[in-house]
Amino acid sequence: MPTDAPSAPITQDVLTLPRKLPASARTNIIGLTRDQLRAALIEAGCPEKQAKMRLGQIWQWVYFFGLRDFDQMTNLSKDFRALLAEKFEISLPEVVTRQVSEDGTRKYLVRIQGGHEVEVVYIPETDRGTLCISSQVGCTLTCSFCHTGTQKLVRNLTAGEIVGQVMLARDDLNEWPQKGAHNDATARLVSNIVLMGMGEPLYNFENVRDAMNIVMDGEGIALGRRRITLSTSGVVPEIARTAQEIGCLLAVSFHATTDEIRDQLVPINKRWNIATLLDALRAYPGLTNSERITFEYVMLDGVNDSKEDAYRLVELLRGIPAKVNLIPFNEWPGAPYKRSSGNRIHAFADIIHDAGYASPIRKPRGEDIMAACGQLKSATERARKSKRQIEAEAGL
């Protein structure tokens, strides 16, 4: 672990929950697109002529006010509310544990259908609040510097499970507007979303697309597309589609300036190498200086942090409106790499900056609760496994 990790006490709430989520014959509204919800309402018995109006009413209650109880949807008739309660549910993933770092970062261990668990991280800053969400259970990319990548892929998350992460964070932050009260839309706690948690979002494209379109819908959570950043390791065939069907900002997990090193750090490079990836990025529809692509670059001591690497990176970026986020490596137990020194990181940043590209150095957040970039892996699950092993060895 890094020597500069905070050592202050960690706040943690542990909730007792059933190991398996109950099966339900009712349709969960969370994650349905507008078209899907309208069709479901008609199938449930809502007259087709009323379906569009009812859809708008339900949408606002669920995604603007955050209601979970149909009985509280007071502009709907009692009979229609009874129909909704019979045919539908409003269900979010379950929060198993909640940890709060000394710097205010919150990490949630969240249980989804089937008993699987993913992690969600909220990072408060002076001018924004960023929620880092997951798109898969585990990850298939096996990037060698990433702790999350050491967990095998289990399955894709549904659109409802992705939207649900945003909603449960708003629950915890008490951010839902109150009906009839003055609500300041500019004072949002969750003001930005980054798809940088567990998984590769572009390997779960349809569910990610539907979830983000729900989050961006102006009659609900209403986060603008420039408030959402999708991070990919370089799934080239889906990059243009991301711009066309989601329209959010794009970040690329880059991390190396030669194919030889990137093959080791980001194995997907063996399928779509640096040249192929950069060609796709240069063609990214609507790419402008106001909507630059973010290149994420983790700083690994003696691996990718030389001045020669910095100059090569500048050459690779030519013709692409870009900024480079330099990420001090967040060490984890058994990690094969070390964090670059501060002097080396700053020297690298200066070369990038002098070439005309923004090169902020990311401040590690939530290291004391293993919530920092690349550390998203369920410590709770590891602890359970160790306990089971201990009990088995003891014959319990």
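Computed from the coordinates by the stated procedures, all read-outs in this text should not be read as laboratory data. These figures come from a predicted structure and were not determined experimentally. Note that we place each Cβ from the backbone using ideal geometry, even for glycine, and neighbour counts take in every protein chain shown.
Towards the positive end of the charge dipole of region 27-89, with charges on Cβ (+1 Lys, Arg; -1 Asp, Glu), say which of Leu83, Gln57, Leu41 has the farthest Cα.
After comparing all options, I get Gln57.
Restricting things to Cα coordinates, could you compute the convex hull volume per residue of region 27-89 in Å³?
75 Å³
Taking θ = phi - 60°, what integer Hz values does the Karplus form 6.51 cos²θ - 1.76 cosθ + 1.60 yield along region 325-338, in sequence order, with x for Gly and Pro?
8, 8, 10, x, 4, 8, 5, 9, x, x, 4, x, 10, 10
Of the peptides 204-217, 256-269, 70-83, how do they stack up when ordered by the mean number of other Cβ atoms within 10 Å, highest first?
Packing proxy ranking, top to bottom: 204-217, 256-269, 70-83.
Determine the alpha carbon to alpha carbon distance for each of Lys107/Lys270; Lys270/Lys307; Lys152/Lys307; Lys152/Lys338 and list only those over 31 Å. Walk me through the numbers before you get to the answer.
Working: Lys107/Lys270 33 Å; Lys270/Lys307 25 Å; Lys152/Lys307 35 Å; Lys152/Lys338 23 Å.
In this structure, Lys107/Lys270; Lys152/Lys307 lie more than 31 Å apart at Cα.
Spelling out what I want: for every residue of region 94-104, take phi, set θ = phi - 60°, compute 6.51 cos²θ - 1.76 cosθ + 1.60 (Karplus), and round to whole Hz; glycine and proline get x.
In residue order, the calculated couplings are 8, 7, 8, 9, 9, 10, 10, 6, 5, 8, x Hz.
Tell me which residues come under 5 Å, amide H to amide H, from Phe65 once H is placed; ignore anything under 5 positions away on its chain.
Amide H neighbours of Phe65: none.
Can I get the semi-axes of region 260-324's equivalent ellipsoid? Compute them from the C-alpha gyration tensor as square roots of 5 times the eigenvalues, in angstrom, largest first.
For region 260-324, the semi-axes come out at 21, 15, 10 Å.
Lys78: which aspartates and glutamates have alpha carbons under 20 Å from its alpha carbon, excluding same-chain residues fewer than 8 sequence positions away?
Glu43, Glu48, Asp69, Glu86, Glu89
What ranking do 188-201, 162-175 get when scored by the average of other Cβ atoms within 10 Å per residue, highest first?
Packing proxy ranking, top to bottom: 188-201, 162-175.
Return a whole-number percent for the relative contact order of region 27-89, with Cα pairs under 8 Å and 6 or more residues apart as the contact set.
38 percent
Under the 0.36 nm per residue contour assumption, what length would be gained going from the current alpha-carbon distance of Gln244 and Thr276 to full extension?
Stretched out fully, the Gln244 to Thr276 stretch lengthens by 9.6 nm.
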